[in-house]
Amino acid sequence: MAIKGKIHRTVYIALLCLLTVFMTTSVFLTNLVWFLLLANWVAEWNWREKFRDFRHQYALHAILALAGVYLLWSIGCENTGQTLEVLRIKMPLLAIPLVALTSTPLQRKEALSVAVCYVGTVFVVSLMGLWRYLTLPGLAYRDIVPHISHIRFGLNVCLCIVLLAYIAYHHPRPWMVATAGVGIAWLLCFLLLLRAYTAFIALLALALVLPIAYRKRLSTAAGWVTIGFGIAVWLSVAFVALYYHHEYYTPVAPSSQTERPLLTANGNAYLHRNDGLIENGNYVHQYVCEKEMRTEWAKLSDYPFDSLTPVGYTVYPALLRYLNALGATKDSVGMQRLRASDVAAIEQGIANPVYLQRGPRKMFYVLFYEYENYRCFRSVSNFSTLQRIELWEAGWHVAKRHPLVGVGTGDVDDVCHEELVAMQSPLAESHLHLHNQYLTFLVAFGALGTLAIAFFFLRAWRKGRMCRSALFTAHLVIVLVSFMADNTLSTLAGITFVVAGYSLLARIEHPTHTISTT
């Protein structure tokens, strides 16, 4: 390789390492790096080599088709400003694959350098998130990780878990396995802290898909063991979900609400609102005496009863739910069950003692409470999971009215907002995205554009033999799962995660590579 070629190669690898560092830490520097990657690619000026094998670069053909659909469907859009903004955001979607897929594939040491930078950065950012969580009172879980959405950071954590498992499997030295094991354990714990539901679903999908897809690379016994492991993981999650579902709807201290006293111990009347809202097995709005709660709260705390907590709610609803979760009546007798730690939690807006815990129990209880609010009041405010359902319904109505060619690249948000207004949805003034990449494609491009995109990517999957790469398949599963719950391609962090992994992992393994069993 000529000196000029070596210089450009060194710059290319260095920029890839920087891209993996900045894609989770800085929007500005990520934009700068992909632009420098493109500039270095042009400066090489070896066009004959770049386009020599272009005819067989099916992965790049798919990316070009996706970019072409975005560009073609931008013609005639009514919201010109939004259309130009969408195209601007999508520029790395074309630039990064164009550079990576027409450059020489990464060698083992080069790939390892990029992987170490990537995993190391994600690990450091997770530690920063833990520090922020411990030192910033009232910090919402969405803001634990700075500079990037917690959902998209969760996707990066998933991929890092896969990379650590892959490295440990192929290099089964004791220190390597131990290091990877500790790293994986920490990243899983951090996902719990983030409440990264999408990431956990992606990991569950990987536990089932990878053992089945690559069982033939192992011995028969090992293949069945891996498949059994994947099935066992899913069954375990189902069992845990059913267990917590039963626990959530099982009354706490049932005698306190089945004896049905007519008056409080002080002779005051109870308020019973029969709206059916259940939490921790008890009806939230039964056996309520706000007068006694207000009086007793003033004795326990200097925090005003009607003041806002750090999460944006007043003390009263948090106190109401907290007492309900304890199985207590919401009166002076119930207030006597509160300890100093309970009072401190309520002052922070924590409405259920279960929320003080760490682990899947808290996650399931949050989901169940969201469902109860939707069931009783059709409320979706501040409930991200239920908001998605409302948005998907609006998007599906729009897609049915424009089934063939959609509404265009830049008019998706406007048309969906109009549909939310017509539905008299609580989200009518929210201006939220659809939070589903598949549905966004269908609304924007209709069946014609969506099928064109699917055709080229399936063609790349089959003819490019990328399915032989376990790492590529793992990344693809993570991306496809993320598309179900988010507009992954609507932000730079999401686009970079998708196309950097797609472009590099499509060529990082030789097509005939097989997983070692030693």
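The values are calculated or read from the model by the stated rules, or taken from the named source; none is laboratory data. All values derive from a computational prediction rather than experimental measurement. No Cβ is skipped: glycine too gets one built from the backbone with ideal geometry, and neighbour counts run over all protein chains shown. The accessibility values were calculated without ligands, DNA or RNA, using every heavy atom of the protein model including side chains. Shrake-Rupley method; radii C 1.70, N 1.55, O 1.52, S 1.80 Å.
If only residues of segment 130-155 that are of a type in the set (A, V, I, L, M, F, W, C), part of a loop (DSSP other than H, G, I, E, B) and open to solvent by 20 Å² or more (accessible area, probe 1.4 Å) are counted, the one that is farthest from residue 491 (Cα to Cα) is 136.
Considering only segment 156-168, I want to know if a residue exists there that is open to solvent by 60 Å² or more (accessible area, probe 1.4 Å) and either under 15 Å from the mean Cα position of the chain (by Cα) or over 17 Å from residue 493 (Cα atoms) (or both). Show your work before the answer.
Narrowing segment 156-168 to residues open to solvent by 60 Å² or more (accessible area, probe 1.4 Å): none.
Within segment 156-168, none of the residues are open to solvent by 60 Å² or more (accessible area, probe 1.4 Å) and either under 15 Å from the mean Cα position of the chain (by Cα) or over 17 Å from residue 493 (Cα atoms) (or both).
Every condition in (1) in a helix (DSSP H, G or I); (2) modelled with pLDDT under 80; (3) exposed (fewer than 14 other Cβ atoms within 10 Å of the Cβ) holds for residue 236 except the one numbered (2).
The set of residues from segment 9-27 being β-branched (Val, Ile, Thr), free of Cβ contacts under 8 Å to residues at least 60 places away in the same chain and in contact with a helix residue (DSSP H, G or I) (Cβ under 9 Å, 6 or more places away or on another chain) comprises just one member, 11. Among the residues making up segment 341-358, those that are without any contact (Cβ under 8 Å) to a residue 60 or more places away in the chain and either β-branched (Val, Ile, Thr) or farther than 25 Å from residue 130 by Cα (or both) are 343, 346, 350. Figure legend. Inter-residue proximity from segment 410-437: first residues in contact (Cβ under 8 Å) with a residue 40 or more places away in the chain and open to solvent by 70 Å² or more (accessible area, probe 1.4 Å), second residues of a type outside the set (A, V, I, L, M) and not in a loop (DSSP other than H, G, I, E, B), beta-carbon distance below 9 Å, spacing 6+ or different chains. Indicated pairs: 426/387; 426/390; 433/413; 433/416; 433/440; 433/490. Entry remark, segment 278-310: residues being touching a strand residue (DSSP E or B) at 6+ places or on another chain (Cβ under 7 Å) and more than 15 Å from residue 334 (Cα to Cα) number 3 in total. Of the helices (runs of 4 or more DSSP H) lying entirely inside segment 254-329, those containing at least 3 residues that are open to solvent by 50 Å² or more (accessible area, probe 1.4 Å) span 290-300. Determine the pairs where a residue that is more than 11 Å from residue 152 (Cα to Cα) and touching a residue at least 40 places away in the same chain (Cβ under 8 Å), located within segment 479-491, has a partner that is of a type in the set (Ser, Thr, Tyr) and open to solvent by less than 10 Å² (accessible area, probe 1.4 Å) with Cβ atoms under 6 Å apart, the partner being 6 or more residues away or on another chain. Note: no pairs meet the criteria.
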